[in-house]
1. Exactly one of (1) part of a strand (DSSP E or B); (2) surrounded by fewer than 16 Cβ atoms within 10 Å (Cβ to Cβ); (3) touching an Asp or Glu at 6+ places or on another chain (Cβ under 7 Å); (4) not polar (S, T, N, Q) is unmet by residue 294. Its number?
2. Every residue in the range 27-52 that is surrounded by 14 or more Cβ atoms within 10 Å (Cβ to Cβ) and over 18 Å from residue 73 (Cβ atoms), please.
3. Take the residues in the range 297-322 that are of a type in the set (Val, Ile, Thr) and outside any loop (DSSP other than H, G, I, E, B); name whichever of them is nearest to the chain's Cα centre (by Cα).
4. So which residues in the range 341-378 are under 15 Å from residue 308 (Cα atoms), touching a residue at least 40 places away in the same chain (Cβ under 8 Å) and not polar (S, T, N, Q), if there are any at all?
5. Regarding residue 101, is this residue in a helix (DSSP H, G or I), more than 30 Å from residue 9 (Cα to Cα), of a type outside the set (A, V, I, L, M, F, W, C) and without any contact (Cβ under 8 Å) to a residue 60 or more places away in the chain?
6. Somewhere in the range 356-371, is a residue among the acidic types (Asp, Glu) and over 19 Å from residue 235 (Cα atoms)?
7. Within the range 228-282, how many residues turn out to be polar (S, T, N, Q), in contact with a strand residue (DSSP E or B) (Cβ under 7 Å, 6 or more places away or on another chain), farther than 18 Å from residue 367 by Cβ and not in a strand (DSSP E or B)?
8. Restricting the range 303-315 to residues that are more than 15 Å from residue 272 (Cα to Cα) and surrounded by fewer than 19 Cβ atoms within 10 Å (Cβ to Cβ), which is modelled with the highest pLDDT?
Amino acid sequence: WEQMMLTYDYGVRELWVVNVGDLKPMEYPITFFLDMAWEPKRFNENNLFQHTVDFCRQQFGGYYAEEAARLIDTYTKYNRRVTPEMLNDRTYSLENYNEWQSVKDEYAALCLDALKLYYLMPAEYRDAFDQLVLFPIQACSNLYDMYYAVAMNRKLAEANDVKANKWADKARACFERDSVLTYHYNHVMSGGKWNHIMDQTHIGYRSWNDPKRNIMPKVTFVPEPRIVPAPPVFVEKDGYISIEAEHYTRSANGTSADWVTIPNLGRTLSAVTTLPSTATPGEDMYLEYDFETEKSGEATVIVRFSSTLNFNDYKGLRYAVSLDGGDEQIVNINGDYKGELGRLQAEHIITTRTKHLLDKKEKHTLRIRPLDPALVMQKIMIDFGGLKPSFLGAPESSVRRECF
């Protein structure tokens, strides 16, 4: 508006020419140019947004006009800062004022708002909204995500930080998503009516007419050091130790069964069990957990299992638990269950407790040995007097890595 008024005020009133480049998806900016060219004095700094609202009311109905107009005004403001084809990983500053992340997050928030409005409006408006509003916002937001990832990759790679690889993968994923968005515009939107409209190259420009195809920005992968994993030792703090069952220090499979981790099963991280579930674990099958205490004395070992029924003629499912190679205690987790409704069905968990004596303040080993199949173990907690009641159990304790 400001430049067009400047043109008008300086007497250029017979002919205005604009280089539109591409008609789609520039329908609104071109509409504004033509309306103002026809009647320049109609517009001032106080009614510019109303023109956008009126345009959106024509396209999407009055109920959605204000928000659609805000989306158009905002994304065109962002793109006026730097056009999408001129954007690159060095446009904004990573080091100063949190600039790069801020502009990326602004576009991501705008993209979410556009998607919300798309699903709120009636189906008959969605194709037009996608063409005029949603697609340009999604495509540009994705470019910002990609170049921010490239910038982070460059920064971390220069420091030889392996976290650079995560950002390299992110940049590649965004580059691929750009092609998916383009395919959607060309082949899916309006049943393929706009095929080839979005074929123009827009990533990898080095001059006004280059390149012939989109070029993935250069990223660097940092070689990851080969690390021999050292066994973790869980460290007591505040009078307890908490361990997710899958984080065992050592394991031994049996001759007829293997240990298997089931992701996302249970109240917290996962669960471990033996498979096949028809095979009785042998005496040589166990899991061991190393931990370190600040005190000696009596401790309670709490083990949480998934609420498997005692399907073996009500005999129950058993395991053996021992500390530091001492005598085993045999625990039956559900031998007394007779099918009655109660906490087992309500809580979907079976909790067992055994008492043990620790005669020294140092490293210890807890061994759990399955005696029956179908035991599904979720979490282990060792209480030295400080464990507090909670539904999920205490968060997992910190670990110290053993040195070789």
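The values are calculated or read from the model by the stated rules, or taken from the named source; none is laboratory data. Computed from a predicted model, the values in this text were never measured in an experiment. Note: ideal-geometry Cβ built from the backbone for every residue, glycine included; neighbour counts use all protein chains shown.
1. (1)
2. The answer is 37, 40.
3. Ranking the qualifying residues of the range 297-322, first place goes to 303.
4. 347, 348, 349, 350, 370, 371, 372, 373, 374, 375, 376, 377
5. yes
6. No, the range 356-371 contains no residue that is among the acidic types (Asp, Glu) and over 19 Å from residue 235 (Cα atoms).
7. Residues that pass the stated criteria total 2.
8. 315
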